[in-house]
Amino acid sequence: MKKLFAFALSLALVLVSFTALAEDFNPADYPVAIAQGVMNHPVHRIVQLGFLKAAQELGYTNARVIGTEGTDPAEVYSACDDFAAEGGKGLMLWAGDDSAFPTLNRMAAEGVVVGIAHFKFVKEDGSLPDGLSFNMACDPVLYGKQSAEIMAKTLDGKEGSLAITLNTKNITENAADDSFRAEWEALGATYNLAGIKVLDTEMEGGVMDEATAVNLAIIQANPDIIGAFGTTGNSPITWSEAATRAGKADGEIAIIGMDATEGNLDALESGKVLALVAQPLYQEAYQIMEYLDKVLRGEEVPLWTDLEAPIVTKDGEGPNGLQFHRDIAAQVETFFK
C-alpha cells in the first residue's frame, strides 16, 4: 500500500512539473522564421502573411522572414544556418526538392524544429526525411485532374494546341503536370478532344517579364493555341499578357493558372482567365506556425496533413469565389506596405 501511495505521489509530482513547464513556456523566448527565396513575390507574401499572423496571435514576438530576394536556394539554406546559429527554434522552410535535405539535417543537429508546407515530402511508408518534423500540402494530383476537367469541358469539340508551363521541375509541379496529362487522356472518352494537341511542357520560370516572353514565344510558335495550364504563381498574368501581346482576344485562350493573388483575381474577373487553382497559401503557413508552437511546447502533431486547393471561377462562391480571396489579398497589401 505504501509503495502504491509513493508511486502515485511521484506520478503527481511529475504531472505537476510538466504542468509548470507548460505554464512557464514563453513564446517570446523562441525565435521563429519562414525561409523563402524571391521574398517579395506576391505568392510568397501570402504565405508569409499566414505565418506571421499566426506567430503574432500565438505570442511569438521574434518572428521574421529570412531568405533571399533571388532564386538561388543555396542563399535560402545559408539564411537557415544563420538563423540556427543565432538561436532560432522554429522554422518554416519553403523548399521543393531534396536539395533541402542537408539543411534539414543541420537544423535538427542545432535543435531547430522544421516544418515544410506546399511541397509533399512524405514517403510511401508515411515517414519523412531526416530532420523534417512535419509536412503539409494540397494534392497536386487532385487539382491537376480538376484543371484538366474544366479545360476539357471548355474546349470540347475544338481544334488547336494546348500548352503546359511550369516554374521549375519540382515534386509539386511535376505531379500537377503528370496528373493533368493523364486525366486529359482519360477525358477523351467523355469529351471530343481528338483535335487538340497537348504540347511538350515548357519552363516559364518565376520572373514575370521573362515568363511572359516565354509564353508569347509559345503562342507565336503555335498560333492555333486554344488552351494553357500554368503551374506557376504568375501564370494567369503571364499567359493572359502574352495572349494580349499576340493579338488574342480575352478568353480566346482558355487559361488556368495557380494562386489567388490580386493580379490573378483581376485577370479572372475581367475574363482573361478561365479559372484559378487557389493553393491554400495563407492557410498552410498559418497551420505550420500552429504546429511549430505545439512541437515547441512538447506536444505531438501529425507527420502529414492533407490540405485542399479550391478551384476559383468567376461565378464561384466561398473559397471557390473571388471575394474570399480578395479579402486575403487586401490583408497582404496592408500588412506589408
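The values are calculated or read from the model by the stated rules, or taken from the named source; none is laboratory data. These numbers were taken from a predicted model, which means no experiment stands behind them. Cβ: placed from backbone, ideal geometry, glycine included. Neighbour counts: every protein chain shown.
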Exercise for review: Report the residue count in segment 217-237 for those that are over 21 Å from G96 (Cβ atoms) and in contact with an Asp or Glu (Cβ under 8 Å, 6 or more places away or on another chain).
Suggested key: 3
Review point. So which of P27, P42 is assigned by TED's automatic domain parsing to the domain that holds E86, more than 20 Å from T168 (Cβ to Cβ) and in contact with a Gly (Cβ under 8 Å, 6 or more places away or on another chain)?
Key: P27
Check your understanding: When residues of segment 260-317 are filtered for being crowded, with 18+ Cβ neighbours inside 10 Å, of a type in the set (S, T, Y) and more than 24 Å from F121 (Cβ to Cβ), how many remain?
Key -> 1
Exercise for review: Tell me, please, whether a residue that is outside the structural domain of T71 (by TED's automatic domain parsing), at pLDDT below 95 and either on the phi < 0 side of the Ramachandran plot or among the basic types (K, R) (or both) can be found in segment 179-200.
Suggested key: no
Exercise for review: Provide a single number: the residues in segment 36-50 that are in a loop (DSSP other than H, G, I, E, B) and of a type in the set (G, A, S).
Suggested key: 1
Practice item. Kindly indicate whether any position in segment 226-243 is in contact with a Pro (Cβ under 6 Å, 6 or more places away or on another chain), under 29 Å from A182 (Cα atoms) and not in a loop (DSSP other than H, G, I, E, B). Key: no
Practice item. Name every residue in segment 51-75 that is in contact with an Asp or Glu (Cβ under 7 Å, 6 or more places away or on another chain) and in a helix (DSSP H, G or I), in order of residue number. Key: A54, L58
Check your understanding: Do we have any residue at all in segment 26-35 that's assigned to a helix (DSSP H, G or I), more than 18 Å from the chain's Cα centre (by Cα), modelled with pLDDT of 95 or more and not charged (D, E, K, R)?
Key -> yes
Check your understanding: Quick one: E204 ticks every box in (1) in contact with a His (Cβ under 8 Å, 6 or more places away or on another chain); (2) under 18 Å from T71 (Cβ atoms); (3) not hydroxyl-bearing (S, T, Y) bar one, so which box is it?
Key -> (1)
Check your understanding: Among the strands (runs of 3 or more DSSP E) confined wholly to segment 76-164, which include 1 or more residues that are polar (S, T, N, Q) and under 27 Å from D293 (Cβ atoms)?
Key -> 134-138
Exercise for review: Name the one entry in A309, A285 that is modelled with pLDDT under 95 and aliphatic (A, V, I, L, M).
Suggested key: A309
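The rows are residues; the columns are (1) assigned by TED's automatic domain parsing to the domain that holds M39; (2) not hydroxyl-bearing (S, T, Y).
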| site | (1), (2) |
| --- | --- |
| T232 | no, no |
| W239 | no, yes |
| E262 | no, yes |
| L292 | yes, yes |
| V295 | yes, yes |
| L307 | no, yes |
| V312 | no, yes |
| Q323 | no, yes |
| F336 | no, yes |
**Study point:** Matching residues in segment 102-132 - criterion: being more than 20 Å from the chain's Cα centre (by Cα) and farther than 13 Å from A84 by Cα
**Key:** P102, E124, D125, G126, S127, D130, G131
